[in-house]
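Remarks on the structure that follows.
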Amino acid sequence: MSEPADETSGNGDIDLLQAPDLPITADAMFSDITHYFLRTLGRRTVRPREPFLYQAVVLATRDRLMERWNQTRIAVQRNNDRRVCYLSLEFLMGRLLRNAMQSLGTEDETAEALGRLGLELEELYEREQDAGLGNGGLGRLAACFLDSCATLRLPVVGYGIRYHYGMFHQRIDNGFQVEEPDDWLRGGFPWEIKRIELTQKIKFGGHSSAYTDADGQIRHTWEATHDVLAIPYDIPVPGYRNDFVNTLRLWSAAATDEFDLEEFNAGSYTDAVASKNAAENITMVLYPNAATETGQELRLRQQYFLASASLQDTLRNWQERHGDDLDLFANRHCFQLNDTHPAIAVPELMRLLMDEHGVSWDGAWEITRTTMAYTNHTLLPEALEQWPVEMFRRLLPRLLDIIFEINNRLLAEISDRWPGDAERIRNMTLITEGDYPMVRMAYLAIVGSYSVNGVAELHSRLLRDGLFREFAELWPTKFNNKTNGVTQRRWLAACNPKLASMISERIGEGWVTDLDQLGKLREYVHDAEFGEQWRKVKLANKERLAREILDRTGVNIGTGMLFDVQVKRIHEYKRQLLNLLHVVYLYDRIRRGDAEDVLPRAVVIGGKAAPGYVMAKHIIKGINSVAATINADPLTTDKLRLIFFPDYNVSAMELICPATDLSEQISTAGKEASGTGNMKLMMNGAVTIGTLDGANVEILEAVGEDNFFLFGMTVEQIQQARDEYDPRSLIANDEDFSRVLALLGSDHFESMDPSARDAILYSVQSPDDPWMTAGDFRSFVDAQQRASNCYRDVTRWTEMSILNTASSGRFSTDRTIRDYNEDIWRLTPIDITSR
Ligand code: 26V
């Protein structure tokens, strides 16, 4: 008996899923690749850098994923147990081809097939553009999660938005950041399958009204809306060598027919068609994290569009399998909210259940608050989302009704528990008071969820005891921690093949799916031959990065230098400025002839500034201006280089992390929720210089104080010092520091922009500097000196480097996902027995 081909085919359908597996041999790959190149893509001649051969290889690879993808879908349907929907406005996937072939195990065969055409597989990988549908850590975490879920055979669907333009490309022009659109779909995206048959309709605008139904129940409708279609595109997410393939489903907006013909009925067909733009704008562009979360209407539309489409899709799928009976729906679903961005799913699920499925308020609330789970990713108050009530009323009137009702019941519960405590009510209300009331999305997410987690131990503690303290008093068991991770398949096995194979030679390949096994490397810490090999691999990776840097910037860095790397979004709290102050300090010492114990260093800083974040752009200009002078100064050439690495993204990190010696994780304590770059760099043998912030705390604990350069104030010290913080006296009492600021204030750095200089000097010297950069300067410089001294002792440094890799086992997303699954999701791994 044959199983239905997928969730949408019913009785009487003809199931074509009977073909035997496609062979994975060099001959078969060669024949499929040439077939697609000649007959599907219509090309004849293989030219350097043309994109079509890459596409042909994707199609041949995708065919082999497709069989496994279908089988997985069948197995998940048959299993009929719980599944998780991971709702995220960002999935920063990067390139997909290497990952797909690594998962399938087709790299050798494909390389051989391409060899017959005189082509290198590595060169072909480079032709793929990054799928840059995210800003930074939060989006990349979602991508690493998908990889681990598939590898652990957990039924998790990623739901996101198919932005037409992803993260902008960064060009550096005269030291300034210039943004260029990322038209990543231009050449076609061969990984996606459009599933037009699963299109959903999303409502906006209009008004809500109440009526009494035939049973005398009060019901609500939402009418006179402007509807937009949500069309899903599926991308396969393969697990590592386990024949399991999950789905990333990205929604794209399109106009409805009614939209064209009724709304713009001025009699002009062409105007009507042109008006389609308004609908399609919803998924046009990814929002960069702006300096402040201003109420951008289009952003709220994106959030609702994602939440509504994904929930409707889930309910549709349930109905196809179970009809109208929703009794078991809650038992079988969890919606994990990646930050507050999709938190509007809370009132939207209420609306769908009550208005579309006839469930009572109590029934709908029970389902909602037992299926939603919320992950917080930041403590920064300016990053906490609030939406104007007025905007909600205009855009989503029915949802605002529901939010008000949720709030009424919340406030009643608080009053019951703490009678007369008006301040508590004011602190906890979902709707802020005043002339311009706002909806607090984090509070809405907390109230509507059964789990609230932070992303590192310190961060989760600060949520419980600080930002969300009163909610933790009300519902103490909701709050928990899930320390972030990264997938070692991309962040070690794929990006650092030389290190990966030397590790596997010693301890076997088990670490690829069980990262704790890296602990076995401890045995080789004092093995001279192993150490020698370890250094050779690092050197080769540094050469590769140095070539890329020369290519991108025209600056040549010596591979004998210590590679000191800070790559992440440009933000004041991450303190790229502190890094810059240290570079100027080294430069000053070399110039004044006090350079004996200054170690040759190449300082590499990379990252994008949100286009509207003026201070972050000043920091980029400041770095580039200092770099221009230093790199041109013959006095310092052999000792110091400063590089701003342009257009930092996922693929850039794949080159950077294997080549890094020293990893800069220097945020103001209490500000970086976790960090994940810290983990990628550690895994590749970089030693961290860092504050006690985010996951640094756990990295330090794992690797030990002797193998980590710790500096700076703790969270408690920051809180205490805040009131008497006096940077001017810190500077005046520190001669080196005074010289650094004097040099920055002079016109020595010729290309420095006056407003960038003023902003930088002001920020460091201001008693109100929230990041307290000056407060950590001396401690940072001292830690850097310890790092330099240590690097000179080649054997000692190698030991530290090996120990960092060996201690990184805990920072695999496989561990993170197991933690989510044990405490929050409770999924059973799927058995693919039919294969
Ligand atoms: C947004 C904004 C917007 C307004 C002001 C400044 C600002 C700063 C940060 C953000 C992003 C918030 C969400 C986010 O991306 N958090 C990152 O999540 C990572 C994954 O959990 C974590 O490793 C990073 O520490 C955290 O910053």
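In whole percent, what relative contact order does region 248-406 give with Cα contacts below 8 Å and a gap of six or more residues? All intermediate terms of the calculation are to be shown ahead of the outcome.
Working: 131 pairs, mean separation 35.9, N = 159.
The value is 23 percent.
What residue among Thr40, His526, Met682 has its Cα farthest toward the positive end of the dipole of the chain, where the charges are +1 on Lys, Arg and -1 on Asp, Glu, each on the Cβ?
The residue sitting most towards the positive pole is His526.
Would you please give the FRET efficiency between Gln785 and Ala290, computed as 1/(1 + (r/R0)^6) with r the Cβ-Cβ distance and R0 = 41 Å, to the nearest 0.05? Write down the numbers at each step before the final one.
Values: r = 37 Å, r/R0 = 0.91.
Taking R0 as 41 Å, the efficiency between Gln785 and Ala290 is 0.65.
Give the ranking of Asp597, Asp32 by solvent-accessible surface, highest area first, calculated with a 1.4 Å probe.
Values: Asp597 60, Asp32 35 Å².
The ordering from most to least exposed comes out as Asp597, Asp32.
Roughly how big is the chain's charge dipole about its Cα centre, with Cβ charges of +1 (Lys, Arg) and -1 (Asp, Glu), in debye to the nearest 20?
Details: 90 positive and 123 negative charges, 271 e Å.
That gives a dipole near 1300 debye.
Any idea how far the Cα center of region 546-564 sits from the one of region 663-729, in Å?
27 Å
To the nearest whole percent, what portion of all C-alpha pairs in region 405-450 is separated by more than 16 angstrom?
Everything past 16 Å amounts to 36 percent.
Rg to Rh ratio, region 701-813, alpha-carbon atoms and Kirkwood radius?
Numbers: Rg = 18.1 Å, Rh = 16.8 Å.
Using only Cα positions, Rg/Rh for region 701-813 is 1.07.
Leaving out ligands, DNA and RNA, what percent of the accessible area of the chain is carbon and sulfur, probe 1.4 Å?
Within the chain, the accessible surface is 48 percent carbon and sulfur.
What is the distance, in nm, between label points placed 7 Å from the Cα along the Cα-to-Cβ direction at Ser31 and at Glu532?
Once both label points are built, they end up 4.9 nm from each other.
How much space per residue, in cubic angstrom, does the convex hull of the C-alpha atoms of region 362-462 take up?
Looking at region 362-462, the number lands at 126 Å³ per residue.
Considering only the chain, what is the antiparallel percent among its DSSP beta bridges, to the nearest 5?
Details: 36 of 81 bridges.
Around 45 percent antiparallel, to the nearest 5.
For region 152-256, restrict the atom set to alpha-carbon positions and state the Rg and Dmax in Å.
Cα radius of gyration and Dmax of region 152-256 are 20.8, 71 Å respectively.
Starting from the residue with the highest accessible area, list Ser755, Ser788 in decreasing order, probe 1.4 Å. Don't jump to the answer; show the numbers that get you there.
Values: Ser755 60, Ser788 5 Å².
Ranked from most to least accessible, the order is Ser755, Ser788.
Charges on Cβ only, +1 for Lys and Arg, -1 for Asp and Glu, centred on the Cα centroid of the chain; of Ala494, Tyr443, Leu550, which one is farthest towards the dipole's positive end?
The residue sitting most towards the positive pole is Leu550.
If each Cα of region 501-548 is one equal point scatterer, what is log10 of I(q)/I(0) from the Debye formula at q = 0.16, 0.25 Å⁻¹?
-0.53, -0.93
Quick one: if you stick a label point 7 Å off each Cα along the C-beta vector at Ala224 and Ala330, how many nm between them?
It works out to 3.6 nm between the two label points.
Given the peptides 800-809, 734-743, 637-646, arrange them by the average over their residues of other C-beta atoms within 10 Å, most packed first.
Working: 800-809: 24.0, 734-743: 16.5, 637-646: 21.5.
Descending packing order for the listed peptides: 800-809, 637-646, 734-743.
Send over a whole-number figure in Å² for the accessible area per residue of the chain, probe 1.4 Å. Don't skip to the answer; put the middle values down first.
Details: 32030 Å² over 835 residues.
I get 38 Å² per residue for this part.
Can you grab the distance from the C-alpha centre of region 415-456 to the C-alpha centre of region 131-153, Å, no decimals?
With region 415-456 and region 131-153 each reduced to a Cα centre, they are spaced 30 Å.
Might you report the magnitude of the Cβ-based charge dipole of region 661-820 about its Cα centre, with Lys and Arg at +1 and Asp and Glu at -1, to the nearest 20 debye? Could you put the intermediate results ahead of the total?
Numbers: 13 positive and 27 negative charges, 102 e Å.
Its charge dipole is roughly 500 debye.
Ranked highest first by the average count of other Cβ atoms within 10 Å around their residues, in what order do 769-776, 90-97 fall?
90-97, 769-776
In whole Å, how far is the Cα centre of region 177-244 from that of region 471-525?
About 34 Å separates the Cα centre of region 177-244 from the one of region 471-525.
Using only alpha carbon positions, build the gyration tensor of the chain, then give the equivalent ellipsoid semi-axes as the square roots of 5 times its eigenvalues, largest first, whole angstrom. Provide the component values of the computation, followed by the final result.
Numbers: eigenvalues 383, 247, 133 Å².
Here the semi-axes work out to 44, 35, 26 Å.
Of Ser651, Gly670, Ile619, which is farthest towards the positive pole of the chain's charge dipole, taken about the Cα centre with +1 and -1 on the beta-carbons of Lys, Arg and Asp, Glu respectively?
The residue sitting most towards the positive pole is Ser651.
Let me check against my output: what whole-number percent is the relative contact order of the chain, with C-alpha pairs under 8 Å and at least 6 apart?
Working: 1493 pairs, mean separation 111.2, N = 835.
RCO, the chain: 13 percent.
Rank by packing, highest mean first: peptides 458-468, 679-689, with packing defined as the count of other Cβ atoms within 10 Å averaged across residues.
My ranking of the peptides, most packed first, is 679-689, 458-468.
Provide Rg over Rh for region 759-812; use the alpha carbon set for both Rg and the Kirkwood Rh (inverse mean inverse pair distance).
Working: Rg = 16.9 Å, Rh = 14.0 Å.
So for region 759-812, dividing Rg by the Kirkwood Rh gives 1.21.
Convert 4 °C to kelvin, take the viscosity as 1.567 mPa s, use the Kirkwood radius over C-alpha pairs of region 421-578 as Rh, and evaluate the Stokes-Einstein diffusion coefficient in µm²/s, rounded to a whole number. Walk me through the numbers on the way to the answer.
Numbers: Rh = 20.8 Å.
D = 62 µm²/s.
The values are calculated or read from the model by the stated rules, or taken from the named source; none is laboratory data. Given the structure is predicted, the values throughout are model-derived calculations rather than measurements. Glycine also receives a Cβ, built like all others from the backbone with ideal geometry; neighbour counts cover every protein chain displayed. Accessible surface areas use protein heavy atoms only, side chains included; no ligands, DNA or RNA. Shrake-Rupley method; radii C 1.70, N 1.55, O 1.52, S 1.80 Å.
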